[in-house]
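Chemist: Quick one: this structure, given as structure tokens, is what I'll be asking you about.
No value in this document is a laboratory result; all are computed from the given coordinates. The shown structure was predicted, so the numbers you read here are calculated from the model rather than taken from an experiment. Every residue, glycine as well, gets a Cβ built from its backbone with ideal geometry; the counts of neighbours run over all protein chains shown.
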Amino acid sequence: AGMPTRASTLLGLLLATGWCFMGAADINFPSVVELGVPMGALREGPDTGGSEGSQLGQRRNTVPIHRIPSMGSFPAQDSWAYSHNEDLGFSMFLERRCKLIQFIRHAEAHHNVAERESELGTLYLEEQHSGWKYWDAGLTGKGVDQCTKLRRELTCMSHPLDCELVVVSPLTRALQTARLSVGSVKFAESQPMMVATDLCRERITNCPADSRRPLSVLKTEFPEVDFSQCMQTEEDEMWQDHKEDNEACMKRGLKFLQWLMKRPESRIAVVTHSGFLKRLFSQFGMGSAPDDKDELQRRPANCEMRGLVLCAHRHFSDVPGTEGYEATEIY
């Protein structure tokens, strides 16, 4: 197939369309419903033998995927990986060029309740109506319970998550959700690193609920989180200096996907926000079956987890000035 030309097609979310993209639901995983059993990582069969000195390459077909080291997404050189033949009814991508991403919306926070109960709806959260009452709002008791339920389901699921990395928005409700859900699951090998980035924060509006507290406060409250990928300003200058319309948020979403593809990990959980996810997913699914498109693009419920396979059509270089370089700075 020819090289894609539209910027929006440089990254492919492989969803269950039956002929072009493949989603996690196509690999015989349970369907994701609100807080239903989440989609797990595809595994091969158990290790059936071989000497202790056997090489990974000789036993690869019998080693569970969670024991195979992450190979990254692309080789060092820039290259194109996208190949699609509609007549065949399938697309194939090398495993090392794909990532399994579990997108999780934060659990119920206090501003969600206020928005739902006010006649003004979302407008009530703007500074002119409710002031700073819901600044960087935290979780409600119900939200904490939602995290507990999700954590139990992650622990009991038939296909363990085997998460290598947890990426989280720097807003308090997302940080709390990450800590109380996926961050509290005991993984077979080691606990995944937790990294915060502004690339997946909520759309920046006039609502103080979407502004973070001082960075030093967040670092103290969440010592298990690496905040080095966030803007290193004590106050939330990003919220103060920039407001995003839909298009700006969508562009930031694509930068976030590029950032994910540059990571060495292959199995990643992302704890973020419904407005951000709604605008990110709205750029994908065109040409899919209506039900698949609706499943991808609908706004997620609080603490809902949605599993997707992400494949970049080409390498995104980390070196400025080289072919394929895509800056992931936000502003």
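Chemist: According to a simple spin-label model (label point 7 Å from Cα along Cα-to-Cβ), what is the distance in nm between D145 and S118?
Modeler: 2.5
Chemist: Largest first and in whole Å, what are the equivalent-ellipsoid semi-axes of region 87-226 based on the Cα gyration tensor, each being the root of 5 times an eigenvalue?
Modeler: On the way: eigenvalues 188, 73, 51 Å².
Square roots of five times the eigenvalues give 31, 19, 16 Å.
Chemist: Continuing with the same structure: Using a Förster distance of 56 Å, how high is the FRET efficiency between M231 and L88, based on the Cβ-Cβ distance and rounded to 0.05? Mind dumping the intermediate values first?
Modeler: On the way: r = 45 Å, r/R0 = 0.81.
The value I calculate is 0.80.
Chemist: Also: Using amide H atoms built 1.01 Å from N in the peptide plane, name the residues 5+ places from V195, or on other chains, whose amide H lies under 5 Å from its own.
Modeler: V166, V167, V168, D226
Chemist: Counting other Cβ atoms within 10 Å, which trypsin sites (Lys or Arg not before Pro) in region 172-230 have at most 15 and lie in a DSSP loop?
Modeler: Details: sites: R173, R179, K186, R201, R203, R212, K219; in loops: K186, R201, R203, R212.
Answer in residue order: K186.
Chemist: A further question follows. Using label points projected 7 Å from each Cα along Cα→Cβ, tell me how many nm separate D241 and S184, to one decimal.
Modeler: Distance between label points: 3.7 nm.
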